[in-house]
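Down below is the structure, laid out as structure tokens.
The values are calculated or read from the model by the stated rules, or taken from the named source; none is laboratory data. Everything numeric in this text was worked out from a predicted model, so none of it was measured. For neighbour counting, all protein chains shown are included, and Cβ atoms are generated from backbone atoms with ideal geometry for every residue, glycine included.
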Amino acid sequence: MLLKKINELPQSLLDFVLAVGRLSDLEKVPVYLVGGFVRDLMLEGKNFDMDFVVEGDAILFATQLARTFSYKILTHRRFGTATLTGREGFKVDFASARRETYAAPAALPNVTFGNINDDLLRRDFTINAMAIRVHAQGVGELIDRAGGKKDLSEGIIRALHDLSFIDDPTRILRAVRFEQRFGFRIEKETHTWIKRSVDDGVLCRVQKHRVRDELVLMFKEKDPLKCFKRLHEICGLSFIAPRFKFQNQWKAYFQAASKRISWFAENFHYKKSHIEPHTMLMGLFFYCLPLGDLKKMMHSFAFHKHETSRIISLKSEFLKVHEELRRKNVKASRIYKLLEPLTYEVILAMTVLSKNHLFFERVKEFLFFYNGQRLHVKGEDLKAAGLTPGPMYKRILNELLSAKIDGEVNTREEELEFLKKMTHQHGCFKTTTVL
Ligand code: ATP
């Protein structure tokens, strides 16, 4: 059955698995496919992120493969792991089988080399604790010490032992994420272990950037709101920020956001890679926090710079931009000036927060007509005109751009004519050259 499923992989991945198997047999180093890849293979889901565990030196093994296949390799000596990137763009991780022990709750584990059984026992849930041995001819039997196959067929998220969430509280978020993604349910005893660890306050003791990574993964799920609803039920949301609660308006926000993202992708096909949907959702999700609390929270979780700046600019700019753009008779250059500094995520999130039809019309006008407008003339034209280089350049060119967006100038000749007037007005020539 597994062999059949492996054989259904895209040819390049299958070739790769077989090459791993050949090298494993040749070197007599047991190698296994593990974790989410095995889970998704059994669920018939699409997951081409392969994780291999090597009972031996994973870096050495991966380096030999990379040479044979001319793949790029990135190694992390400290963790004994290597990532290969194939020409087809897929990524494959190799790690040495390891055993983990936790010296203190929510602390990082002590890691030593181990065998595949040790490696599976350190994992989060039974459904993620299965492995398949890889051979030259294909794959071997499923290794399933914890009963993952049964839980997978019954739709159960089950932790491996009672201290699992004390050892690593981020597993609470992972349990919720997998439960909601697959429409499973958290097993009763596991649920009790989660509750107990939450009551112990583990979520406040764990390193915040690890919680952040799990939160971000939730926003990348197909239906993030389901995850947050369940998270709220299980442990509340105050571990994110004090007094932070589930907001009823999130449902409408997320639905509208998804429509806006599709609309943007349809109309601006070439720009759709410029937007990060999860950042837009995060902006809307955290919008209810006062600006000071929001900044504090983003800082304490050390969210990435680009996420932080977008989320904060939505909060700090929305009311001002909205107030101005929902009025009648706004000049095109003013629309440009207010929206051009913002990213697409922030602009689209603003249209979700706004209930005003005119505001969205303004945003459309900006996106279709003004965004990315460029002048024909450049700084050199000002220089050629004898204008002394300096801050004045920017001011003049900005004024010219506004005039262009407002339709007052169109051609290069008209731009040059405009410059002539402006430079005379500012009276700041270096020489007597006249345009
Ligand atoms: P996804 O489909 O979301 O990528 P995944 O199961 O592949 O799911 P990863 O975060 O890539 O998730 O982790 C790979 C594997 O590593 C998991 O399947 C699990 O076996 C193990 N793992 C990851 N995080 C933890 C953790 N916090 N505690 C224990 N095991 C973990």
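Residue pairs whose Cβ atoms lie under 6 Å apart, separated by 6 or more positions or on different chains, with the first residue in the stretch 319-348 and among the aliphatic types (A, V, I, L, M) and the second assigned to a loop (DSSP other than H, G, I, E, B), are ALA332/ASP406. Residues that are under 28 Å from the mean Cα position of the chain (by Cα) and of a type in the set (Asp, Glu) were ranked within the stretch 329-366; the one that is surrounded by the most Cβ atoms within 10 Å (Cβ to Cβ) is GLU345. Among the residues that make up the stretch 103-110, is at least one of them within 11 Å of the ligand (Cβ to nearest atom), at pLDDT below 95 and in a helix (DSSP H, G or I)? There is no residue in the stretch 103-110 that is within 11 Å of the ligand (Cβ to nearest atom), at pLDDT below 95 and in a helix (DSSP H, G or I).
Note on the stretch 159-192: residues that are over 25 Å from the mean Cα position of the chain (by Cα) and either within 13 Å of the ligand (Cβ to nearest atom) or farther than 24 Å from VAL38 by Cβ (or both) total 11.
Yes/no per residue for (1) surrounded by 13 or more Cβ atoms within 10 Å (Cβ to Cβ); (2) in the same structural domain as THR170 (by TED's automatic domain parsing); (3) over 13 Å from LEU348 (Cβ atoms):
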| position | (1), (2), (3) |
| --- | --- |
| PHE228 | yes, yes, yes |
| CYS235 | yes, yes, yes |
| PHE239 | yes, yes, yes |
| ALA252 | no, no, yes |
| GLN255 | no, no, yes |
| SER258 | yes, no, no |
| ILE261 | yes, no, no |
| PHE264 | yes, no, no |
| PRO277 | yes, no, no |
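Restricting PHE303, PHE286 to those that are surrounded by 15 or more Cβ atoms within 10 Å (Cβ to Cβ), assigned to a helix (DSSP H, G or I) and at pLDDT 95 or above reduces the list to PHE286. Of the residues examined, LEU342 is one that is of a type in the set (A, V, I, L, M, F, W, C), touching a helix residue (DSSP H, G or I) at 6+ places or on another chain (Cβ under 7 Å) and not in a helix (DSSP H, G or I).
For the stretch 44-86, filtering for residues that are within 16 Å of the ligand (Cβ to nearest atom) and over 24 Å from the mean Cα position of the chain (by Cα) leaves 5. Within the stretch 188-209, one or more residues are among the basic types (Lys, Arg) and closer than 23 Å to LEU43 by Cβ. Total residues in the stretch 234-249 satisfying the condition of being in contact with a Leu (Cβ under 8 Å, 6 or more places away or on another chain), in contact (Cβ under 8 Å) with a residue 40 or more places away in the chain and not in a helix (DSSP H, G or I): the figure is 3.
Scanning the stretch 16-43 for residues that are more than 10 Å from the ligand (Cβ to nearest atom) and under 19 Å from SER153 (Cβ atoms) yields LEU41, MET42, LEU43. Count of the stretch 250-290 residues, restricted to those that are more than 20 Å from the chain's Cα centre (by Cα) and in contact (Cβ under 8 Å) with a residue 24 or more places away in the chain, is 5. Annotation note: of ASP124, ASP151, ASP144, ASP119, the sole residue that is surrounded by 16 or more Cβ atoms within 10 Å (Cβ to Cβ), touching a strand residue (DSSP E or B) at 6+ places or on another chain (Cβ under 6 Å) and acidic (Asp, Glu) is ASP119. With respect to ASP119, determine if the residue is among the acidic types (Asp, Glu), in a helix (DSSP H, G or I) and at pLDDT 95 or above. The answer is yes for ASP119. Per the conditions (1) at pLDDT 95 or above; (2) part of a helix (DSSP H, G or I), the sole criterion not satisfied by SER273 is (1). Answer yes or no: is there a residue in the stretch 352-361 that is in contact with a Leu (Cβ under 7 Å, 6 or more places away or on another chain), free of Cβ contacts under 8 Å to residues at least 60 places away in the same chain and not aromatic (Phe, Trp, Tyr). No, the stretch 352-361 contains no residue that is in contact with a Leu (Cβ under 7 Å, 6 or more places away or on another chain), free of Cβ contacts under 8 Å to residues at least 60 places away in the same chain and not aromatic (Phe, Trp, Tyr).
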